[in-house]
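Structure first, commentary second.
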Amino acid sequence: MQRAIVFGATGGIGQAICTDLASAGWSLYVHCSQNWQKACTIAQKLSRKYPQQDFIPVKLNFLAKNDELKEFVNGLLPVNAAVFAQGITDYNFVSSQSLTRVDEILQVNLTVPVKLIGLLEPALIKNDYSRIVFLGSVYGGSGSAMEAVYSTSKAGLARFAQAYAREVASANLTVNVVAPGAVNTAMNSMLAPEAMEEVKGEIPAGRLAEGKDISYWVKTLLDAQSSYLTGQTIYVSGGWLI
Ligand SMILES: NC(=O)c1ccc[n+]([C@@H]2O[C@H](COP(=O)([O-])OP(=O)(O)OC[C@H]3O[C@@H](n4cnc5c(N)ncnc54)[C@H](OP(=O)(O)O)[C@@H]3O)[C@@H](O)[C@H]2O)c1
């Protein structure tokens, strides 16, 4: 059985990823940080639709201590793929950002994903093939004012994926980043409607992405045939900022 863990499965993009992977035959760990009820509802709906597959809700706050990360990974059934669709941001000048918030953004977006990969690797490399996909951002390639720390975290993921892909390529474990532009999810809800219109006006495709525009590429990277693409960052941005 093919089983993936989708971190951030309760998010706008994470939900679309779960829908697409379930329809492609994957069993899933449906991860949340706070929204336990939402994770359970997603898992129940998918279980009803795909009764031959397993859908298991799991909870882990990425602000957890190292021992909790180890305990979490030790409690998992074997997985063939890990998708990192969790993430946080903060629209603020660096000088106005609390030091705690700087730590949190880097920990949730970058540091803990790197630690979890280290912990998951022994299980992943046992399979015939395995996949890791990180959700990056166009801001990882072209830094954004007011989101400098977030941009840093996403740039870090791209370089980590490139370097780590070279460590594990011979074990048939591919590691890639899908980097969206602006997506119609809760993450952008703090932006005023006028600001969103302004962003939309800058996107050559003329619209924001929907979750399924992004999940399509995640599903494709998890496919058994996507075995020779690794270490890459794929920008899925409607032509924006690339
Ligand atoms: N939306 C965009 O325009 C956009 C653009 C480029 C890149 N991205 C990237 O795409 C990914 C998904 O974004 P999205 O728009 O789907 O975001 P979203 O709707 O805000 O969802 C965020 C997800 O992250 C989880 N999360 C939040 N804090 C966490 C923590 N402390 N520990 C572990 N998980 C935590 C949330 O879990 P709970 O629901 O349990 O809180 C939720 O599942 C992120 O990496 C984001 O940076 C998004």
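Of all the residues that make up segment 232-242, how many are open to solvent by 70 Å² or more (accessible area, probe 1.4 Å) and within 12 Å of the ligand (Cβ to nearest atom)?
Residues of segment 232-242 open to solvent by 70 Å² or more (accessible area, probe 1.4 Å): 232, 235, 241-242.
Next, from what is left, pick out any that are within 12 Å of the ligand (Cβ to nearest atom): 235, 241.
Qualifying residue count for the region: 2.
Considering every residue within segment 143-154, establish whether at least one is modelled with pLDDT of 95 or more, among the acidic types (Asp, Glu) and part of a loop (DSSP other than H, G, I, E, B). Scanning segment 143-154, I find at least one residue that is modelled with pLDDT of 95 or more, among the acidic types (Asp, Glu) and part of a loop (DSSP other than H, G, I, E, B), so the answer is yes. Of all residues in segment 18-42, those satisfying the criterion of being in a helix (DSSP H, G or I) and either within 9 Å of the ligand (Cβ to nearest atom) or surrounded by fewer than 21 Cβ atoms within 10 Å (Cβ to Cβ) (or both) are 19, 20, 23, 36, 37, 38, 39, 40, 41.
Considering segment 98-134, and only residues there that are polar (S, T, N, Q) and closer than 21 Å to residue 77 by Cβ, the residue that is farthest from the ligand (Cβ to nearest atom) turns out to be 127.
Quick check on my filter: what residues within segment 54-71 are of a type outside the set (Val, Ile, Thr) and open to solvent by less than 30 Å² (accessible area, probe 1.4 Å)?
Keep residues of segment 54-71 that are of a type outside the set (Val, Ile, Thr), which gives 54-55, 57, 59-71.
Residues satisfying the conditions are 55, 60, 62, 64, 69.
In segment 130-141 there is no residue matching the filter, namely being surrounded by fewer than 19 Cβ atoms within 10 Å (Cβ to Cβ) and without any contact (Cβ under 8 Å) to a residue 60 or more places away in the chain. On the basis of being surrounded by fewer than 19 Cβ atoms within 10 Å (Cβ to Cβ), in a helix (DSSP H, G or I) and either within 15 Å of the ligand (Cβ to nearest atom) or polar (S, T, N, Q) (or both), does residue 45 make the cut? So residue 45 fails the test. Among the residues of segment 171-188, the ones that are more than 16 Å from the chain's Cα centre (by Cα) and open to solvent by 40 Å² or more (accessible area, probe 1.4 Å) come to 1 in all. Taking residues in segment 59-84 that are of a type in the set (S, T, N, Q), and partners anywhere that are surrounded by 21 or more Cβ atoms within 10 Å (Cβ to Cβ) and not in a helix (DSSP H, G or I), the pairs with Cβ atoms closer than 6 Å and at least 6 places apart or on different chains are 80/130. State yes or no: is residue 86 within 30 Å of residue 203 (Cβ to Cβ), over 20 Å from the mean Cα position of the chain (by Cα) and surrounded by 14 or more Cβ atoms within 10 Å (Cβ to Cβ)? In short, no.
Residues in segment 28-49 that are basic (Lys, Arg) and within 17 Å of the chain's Cα centre (by Cα): how many? Steps first, answer last, please.
Looking only at segment 28-49, we keep the residues that are basic (Lys, Arg), and these are 38, 45, 48-49.
Still in the list and also within 17 Å of the chain's Cα centre (by Cα): none.
Qualifying residue count for the region: 0.
Picking from 229, 119, which residue would you name as being open to solvent by 40 Å² or more (accessible area, probe 1.4 Å), of a type in the set (A, V, I, L, M, F, W, C) and over 19 Å from residue 85 (Cα atoms)?
Working: 119 fails: over 19 Å from residue 85 (Cα atoms).
Exactly one of 229, 119 is open to solvent by 40 Å² or more (accessible area, probe 1.4 Å), of a type in the set (A, V, I, L, M, F, W, C) and over 19 Å from residue 85 (Cα atoms), namely 229.
Report yes if residue 101 is among the basic types (Lys, Arg) and more than 19 Å from residue 177 (Cα to Cα), otherwise no. The answer is yes for residue 101.
Let's see how each residue does on (1) closer than 16 Å to residue 88 by Cβ; (2) surrounded by 13 or more Cβ atoms within 10 Å (Cβ to Cβ):
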{"residue": "148", "(1), (2)": "yes, yes"}
{"residue": "151", "(1), (2)": "yes, yes"}
{"residue": "166", "(1), (2)": "no, no"}
{"residue": "169", "(1), (2)": "no, yes"}
{"residue": "190", "(1), (2)": "yes, no"}
{"residue": "197", "(1), (2)": "no, no"}
{"residue": "206", "(1), (2)": "no, no"}
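Filter segment 22-74 down to the residues that are in contact with a strand residue (DSSP E or B) (Cβ under 9 Å, 6 or more places away or on another chain) and small (Gly, Ala, Ser) and list them by number. 22, 27, 33, 39, 43, 47 - these are the residues of segment 22-74 that are in contact with a strand residue (DSSP E or B) (Cβ under 9 Å, 6 or more places away or on another chain) and small (Gly, Ala, Ser).
When residue 60 is tested against the conditions (1) away from the ligand (no atom under 11 Å from the Cβ); (2) farther than 19 Å from residue 152 by Cβ, the lone failure is (1).
The values are calculated or read from the model by the stated rules, or taken from the named source; none is laboratory data. All figures in this text were calculated on a predicted structure; none of them were measured in a lab. Reconstructed Cβ throughout: ideal geometry from the backbone, glycine too, with neighbour counts over all protein chains shown. What goes into the accessible areas is simple: the full protein's heavy atoms, side chains included, and nothing from ligands, DNA or RNA. Shrake-Rupley method; radii C 1.70, N 1.55, O 1.52, S 1.80 Å.
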